[in-house]
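Trainee: Below are the structure tokens for one structure; questions will follow.
The values are calculated or read from the model by the stated rules, or taken from the named source; none is laboratory data. Owing to the predicted nature of the structure, the values given are computational and were not obtained by experimental measurement. Ideal geometry is used to build each Cβ from the backbone, glycine not excepted, and the neighbour counts take in all protein chains shown. What goes into the accessible areas is simple: the full protein's heavy atoms, side chains included, and nothing from ligands, DNA or RNA. Shrake-Rupley method; radii C 1.70, N 1.55, O 1.52, S 1.80 Å.
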Number of protein chains: 2
Amino acid sequence: MTQKTFMPVLYELVRTYQAFETYSAAHIRLLGLTASQFDIIATLGNTEGMSFKDLGEKTLITKGTLTGVVDRLEAKTLVRRVASPKDGRSQMVQLTKAGEKLFAKVFPAHLCHLEQVFSGLSQKNIENTASVLKQLRIAFSAASLNLEEAA
Amino acid sequence: MTQKTFMPVLYELVRTYQAFETYSAAHIRLLGLTASQFDIIATLGNTEGMSFKDLGEKTLITKGTLTGVVDRLEAKTLVRRVASPKDGRSQMVQLTKAGEKLFAKVFPAHLCHLEQVFSGLSQKNIENTASVLKQLRIAFSAASLNLEEAA
DNA sequence: TACATTATGTACTAACTAGAACTAATGTCA
DNA sequence: TGACATTAGTTCTAGTTAGTACATAATGTA
């Protein structure tokens, strides 16, 4: 490991993620949304809405950022904030009628766009890729935990 | 493929990249740099410098962004701009003495930090992960090319 | 119950981001 | 050579990003 044999896998991780992001975001932009806005619409679709906390965990958007993105979606009247009846600190975020309508349009369209990427890959290959990525993700989680414990 | 069986692999790609980014950036911040600044310092280390174009391709930073990041590194006197002798449009970016000194310090330190992630993974696993990621990246490139050709 | 701790969301900052419009320099080709 | 297209880098904009500090509300404990 002293040969830094892990560099190629990090290189590929970053390049592949970037390739996904570029491919995906370009299509989302044509639909009139940013990648973050799409993630939120997609996450809220077919739900009763959820708290900022849950929404942030699902979309990987940190809370400070999420406030701003939801502000802009609210300004477009695609989502609304509703005070949680259970917790006075918590705000629920829900799709509006317009948000649901947009979800019904853009979500399938974007899945279709993504699907084309995988037409040349076997089911087995796809499953295997997900599996090895998960192992790598767990290795990062473990390393992060080690740091916290040391602190 | 109509079952959207590719969703798990995209989920893992995004989560794993995010885990890497969070783990890596937290350490880089302790070293007094941002992730982008580190990428540039690391790319320029042990070179004679390179053009904005080459630097952008290696670091995956687009040119508009790169101007700003280099501005800030220049303000810290870690890099300098030098007009290309061959091409009047082109600027070369080089590490200054201070930049080289910082490179010599932070680059090994960060590699060491990253290395710990891979201590629990076999060499074979690491190589395999890089290989399947590359296949996925190529699938994204091919899909992007299809779009360009259609246009 | 009173106090301390924790959790939720917002405000603010510095920085990054891609894209588009722009300037200046280079390359093409008729 | 002259007109045209392309390329390199800058500028500008709207938006995202993480982190920190903060106000408010909920929870745990004495």
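Trainee: For region B:1-85, report the accessible area per residue in Å² (1.4 Å probe, heavy atoms, rounded to an integer). Don't skip to the end; give the middle numbers.
Mentor: Values: 4410 Å² over 85 residues.
For region B:1-85, the solvent-accessible area averages 52 Å² per residue.
Trainee: Take peptide B:83-90, look around each residue's Cβ out to 10 angstrom, count Cβ atoms belonging to other protein chains, and average those counts. Walk me through the intermediate numbers first.
Mentor: Details: counts 0, 0, 0, 0, 0, 0, 0, 0.
Neighbouring Cβ atoms belonging to other protein chains average 0 per residue here.
Trainee: Also: List the pairs from A:LYS124/B:LYS134; B:LYS63/B:LYS86; A:LYS58/A:LYS134; A:LYS134/B:LYS134; A:LYS134/B:LYS58 whose alpha-carbon separation is above 22 Å, in the order I gave them. Intermediate results must be reported in sequence, preceding the final value.
Mentor: Values: A:LYS124/B:LYS134 16 Å; B:LYS63/B:LYS86 20 Å; A:LYS58/A:LYS134 17 Å; A:LYS134/B:LYS134 16 Å; A:LYS134/B:LYS58 27 Å.
Cα-Cα > 22 Å for A:LYS134/B:LYS58; rest within.
Trainee: Just the number, please: carbon plus sulfur as a percent of the accessible area of the protein assembly as shown, 1.4 Å probe, no ligands or DNA/RNA counted.
Mentor: Details: 9250 of 16670 Å².
Percent of accessible area from carbon and sulfur atoms in the protein assembly as shown: 55.
Trainee: Let me ask another. Please calculate how many Å² of accessible area region A:88-151 carries per residue, with a 1.4 Å probe and no DNA, RNA or ligand atoms counted. Before the final figure, lay out the partial values.
Mentor: Values: 3680 Å² over 64 residues.
Heavy-atom SASA per residue in region A:88-151 reads 58 Å².
Trainee: Further question on the same structure: To one decimal place, what Kirkwood hydrodynamic radius in Å is obtained for the protein assembly as shown from all pairs of distinct Cα atoms?
Mentor: Working: mean 1/r = 0.0464 Å⁻¹.
21.6 Å is the Kirkwood radius here.
Trainee: Under the definition of partner shielding as Cβ atoms of other protein chains within 10 Å of a residue Cβ, what is the mean value for peptide B:107-118? Intermediate results must be reported in sequence, preceding the final value.
Mentor: Details: counts 0, 0, 0, 0, 4, 1, 2, 6, 7, 6, 11, 10.
That average works out to 4.
Trainee: May I ask you to find the residues of region B:14-35 that are shielded by at least 50 Å² of accessible area once the whole protein assembly is considered instead of their isolated chain (probe 1.4 Å)?
Mentor: B:VAL14, B:ARG15, B:THR16, B:TYR17, B:PHE20, B:TYR23
Trainee: Here's another thing I want to ask about it. What Kirkwood hydrodynamic radius, in Å, does region B:87-149 give when the mean of 1/r is taken over all pairs of distinct Cα atoms and then inverted? Working shown, then result.
Mentor: Numbers: mean 1/r = 0.0626 Å⁻¹.
About 16.0 Å for region B:87-149.
Trainee: Using only the alpha carbon atoms of chain A, find the Kirkwood hydrodynamic radius as the inverse mean reciprocal pair distance, in angstroms to one decimal. Numbers along the way, then the final one.
Mentor: Values: mean 1/r = 0.0556 Å⁻¹.
After inverting the pairwise mean of 1/r, the radius is 18.0 Å.
Trainee: Within 10 Å of each Cβ of A:141-148, how many other protein chain Cβ atoms are there on average? Please list the in-between numbers first.
Mentor: On the way: counts 6, 4, 10, 5, 0, 3, 5, 0.
The per-residue average across the peptide is 4.
Trainee: Same structure again: For region A:102-141 and region B:33-70, what is the centre-to-centre distance using only Cα atoms, to the nearest Å?
Mentor: 30 Å
Trainee: Further question on the same structure: Would you mind giving the total buried accessible surface between chains A and B, with a 1.4 Å probe and ligands, DNA and RNA left out, rounded to the nearest 100 Å²?
Mentor: Accessible area lost upon association: around 5200 Å².
Trainee: Per residue, how big is the convex hull around the C-alpha atoms of region B:35-103? Give it to me in cubic angstrom, could you? It would help to have the intermediate numbers written out before the result.
Mentor: Values: hull volume 5.4 nm³, N = 69.
Here the figure is 79 Å³ per residue.
Trainee: If you don't mind, another one. Only loop residues by DSSP count here, and only those with at most 15 other Cβ atoms within 10 Å; note down the GluC sites (Glu not before Pro) in region B:21-104 that meet that. Mind dumping the intermediate values first?
Mentor: Details: sites: B:GLU21, B:GLU48, B:GLU57, B:GLU74, B:GLU100; in loops: B:GLU48.
Here the GluC sites (Glu not before Pro) that fit, given the DSSP loop and packing criteria, are B:GLU48.
Trainee: Going Cα to Cα from B:LYS4, which aspartates and glutamates come in below 20 Å? Please leave out same-chain ones fewer than 8 positions away.
Mentor: A:GLU21, A:ASP39, A:GLU115, A:GLU127, B:GLU12
Trainee: Normalise the Cα radius of gyration of region B:1-51 by 2.2 N^0.38 Å (N = residues in it) and let me know the number. Before the final figure, lay out each step's value.
Mentor: Values: Rg = 16.7 Å, N = 51, 2.2 N^0.38 = 9.8 Å.
Its radius of gyration relative to the 2.2 N^0.38 Å reference: 1.70.
Trainee: Measuring label to label, 7 Å along Cα→Cβ, what does A:GLN18 give against each other copy in nm, shortest first?
Mentor: Those separations, rounded to one decimal, come out as 2.1 nm.
Trainee: Placing the label point 7 Å from Cα along the Cα-to-Cβ direction, what are the distances from B:GLY32 to the equivalent spots in the other copies, shortest first, in nm to one decimal?
Mentor: The projected label point of B:GLY32 is separated from its counterparts by 4.9 nm.
Trainee: Tell me the distances, shortest first, between B:LEU60 and the same position across the other copies, using label points 7 Å along Cα→Cβ, in nm to one decimal.
Mentor: 1.1
Trainee: Still on this model: Run the 1.4 Å probe and let me know the accessible area of B:THR34, rounded to the nearest 10 Å².
Mentor: Spelled out: B:THR34, probe radius 1.4 Å, area about 70 Å².
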